Amino acid sequence: MEKRYLGEWLTLPSALTPPLAVEVLPHGVTIHRIIIQVEGKTHDILIGPENPKDYETFKYTNTIIGRYANRVWVGEHTVKKDGFERLTRPVKNESPEVSLHGGLLGFDFAVWQRLPLENAKLFTPAEIRTIQNSSTSESSDNTAIYAHTSEDGDQGYPGELYLETLVALLPPAKGEKGKVGSIVILYRARLVNEGVTPINLTHHWGFNLDASLQGDESGKDKLSVKNHRLSIKASHTAELLPNSLPSGKYCPVGGTVHEHNDKLIKDGFPNHGYDHYYLLAPRPGVKLAQHRLSAKEFDAAKAGQGEELDIVKEIFESTNEMVVELKSEKSGLKVDFDSNRAGLMFYTNNHPNKQFRKKIHGGSGTKDDGYINGSAAFLEFHEPLSAFLNHEATPNTTDTLLTSNEIYNNFVRVDIFVDSEGVCGS
């Protein structure tokens, strides 16, 4: 198999029960599998193809998305910030008007290089120590940093951009009942030369907590997530135009189908499924990691001068309450999400994919044996849609513009829980 599709397993020590493992591909920093052992049953909670090479056509599933997540107007746009000015030309790929998920060949299709920790450029010495100390045994390989360089003009975006993405698998703290562990994805980026560029990264991953259960239902019906319960601590959703670009208006979720408060996904399920951006409610008193780090202060910390900088430790040790919760009474699994992003896209896999389905989900792994409509909850944390073109619609959020005086810093954390007493089909 080509090197780009050779997965690397991040694992927690086998002494932990139940164990947790994550397979990461260099192709788009794809999270190919999240494996959980529950009462002797193996679960993979992400949908996707069996063969990693099939991600060539199984687009936008479990991969990183960039330079810009979701949809942007095609055309020439001048971006300005802190005295820098550049021309941005997003390329069309979804329609003549719409550039989707970074363009024709976005970050999801790039081959990222795994770095030795000591070679990381966008993490300070204190952060490297925190990452190293997160290992609970000499034999466990539970963290990885992947790097990629996006050239000036890549898919119409200005400036040469260097990126590093940390994927970390963390054990539960003592006393955390039912918790299996946590997955942290931390995105860093920096312009190589002076200038400004739009950037809005996310992982476009699709969760199904029941898909690995076998024998309790017939056919593909068991693959639906409509019986999962979902909570989203959101205040508004973005109003979309017919081409799915944002209108600039935001609508309150209260009293609508978008008010998810431990609600079954099937309750009020829209005719065409969910494909909506949710603006999270304010979180007073909650300390969130900065979206941007001062390049000057970072360089000083990197050189061992000035104050130590360790954002990684803050994220690893965070006790913030979840902003999104997805759970299934059937499998007894629950995933909680936290992020410093302003919101997230919730998508229910509304276009049945007839291509490929994992064997652990009852598929053959071959073409034309895919997933049904409503088979996954895609939970994609990123800033508001087309924010660099429409920042006035959400003035208290980031403008998604990165200058050469800053370092991009955003994360998502997933805490995974098991209720063994509620497990069915094990």
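Can you work out which of the residues in the range 362-397 that are among the acidic types (D, E) and farther than 21 Å from V196 by Cα is surrounded by the most Cβ atoms within 10 Å (Cβ to Cβ)?
My answer is E380.
Could we say that T197 is within 30 Å of G83 (Cα to Cα), within 19 Å of the chain's Cα centre (by Cα) and touching a residue at least 24 places away in the same chain (Cβ under 8 Å) here?
Criteria not met by T197.
Tell me which residues, restricted to the range 368-404, are of a type in the set (D, E, K, R) and out of contact with any helix residue (DSSP H, G or I) (no Cβ under 8 Å at 6 or more places or on another chain).
D368, D369, E380, E383, E392
Is it the case that some residue within the range 155-175 is modelled with pLDDT of 95 or more and in a helix (DSSP H, G or I)?
yes
When you scan the range 225-261, how many residues do you find that are assigned to a loop (DSSP other than H, G, I, E, B) and either without any contact (Cβ under 8 Å) to a residue 60 or more places away in the chain or closer than 24 Å to N340 by Cβ (or both)?
12
Anything in the range 325-345 that is in a loop (DSSP other than H, G, I, E, B), surrounded by fewer than 23 Cβ atoms within 10 Å (Cβ to Cβ) and more than 14 Å from the chain's Cα centre (by Cα)? List them, or say none.
Listed by number, the residues that qualify are E329, K330.
Just one of (1) modelled with pLDDT under 95; (2) closer than 20 Å to P26 by Cα; (3) buried (at least 22 other Cβ atoms within 10 Å of the Cβ) trips up E118, so point out which.
(3)
So if I check each of Y55, Y5, which one is at pLDDT 90 or above, more than 23 Å from G181 (Cβ to Cβ) and among the aromatic types (F, W, Y)?
Y55
Just one of V196, V225 is closer than 26 Å to Y55 by Cβ, of a type outside the set (D, E) and either modelled with pLDDT of 95 or more or surrounded by 14 or more Cβ atoms within 10 Å (Cβ to Cβ) (or both); which is it?
When all the criteria are applied, what remains is V225.
State which residue pairs qualify: first residue at positive phi and inside the range 274-287, second residue part of a strand (DSSP E or B) and surrounded by 10 or more Cβ atoms within 10 Å (Cβ to Cβ) in any location, beta carbons under 9 Å apart, and separation of 6 or more residues or different chains.
So the pair list comes out empty.
Which members of the range 271-311 meet the condition of being surrounded by fewer than 19 Cβ atoms within 10 Å (Cβ to Cβ), over 27 Å from K81 (Cα atoms) and under 18 Å from the mean Cα position of the chain (by Cα)?
Within the range 271-311, D275 is the sole residue that qualifies.
Would you mention how many residues in the range 86-105 are farther than 18 Å from L161 by Cα and among the hydrophobic types (A, V, I, L, M, F, W, C)?
Matching residues across the range 86-105 total 2.
Taking the range 67-96 as the search range and keeping residues that are of a type in the set (V, I, T) and not in a loop (DSSP other than H, G, I, E, B), which one is surrounded by the most Cβ atoms within 10 Å (Cβ to Cβ)?
Once the filter is applied, the top-ranked residue is V72.
The values are calculated or read from the model by the stated rules, or taken from the named source; none is laboratory data. The shown structure was predicted, so the numbers you read here are calculated from the model rather than taken from an experiment. In this analysis, Cβ positions are derived from the backbone assuming ideal geometry, glycine residues included, and neighbour counts consider all displayed protein chains.
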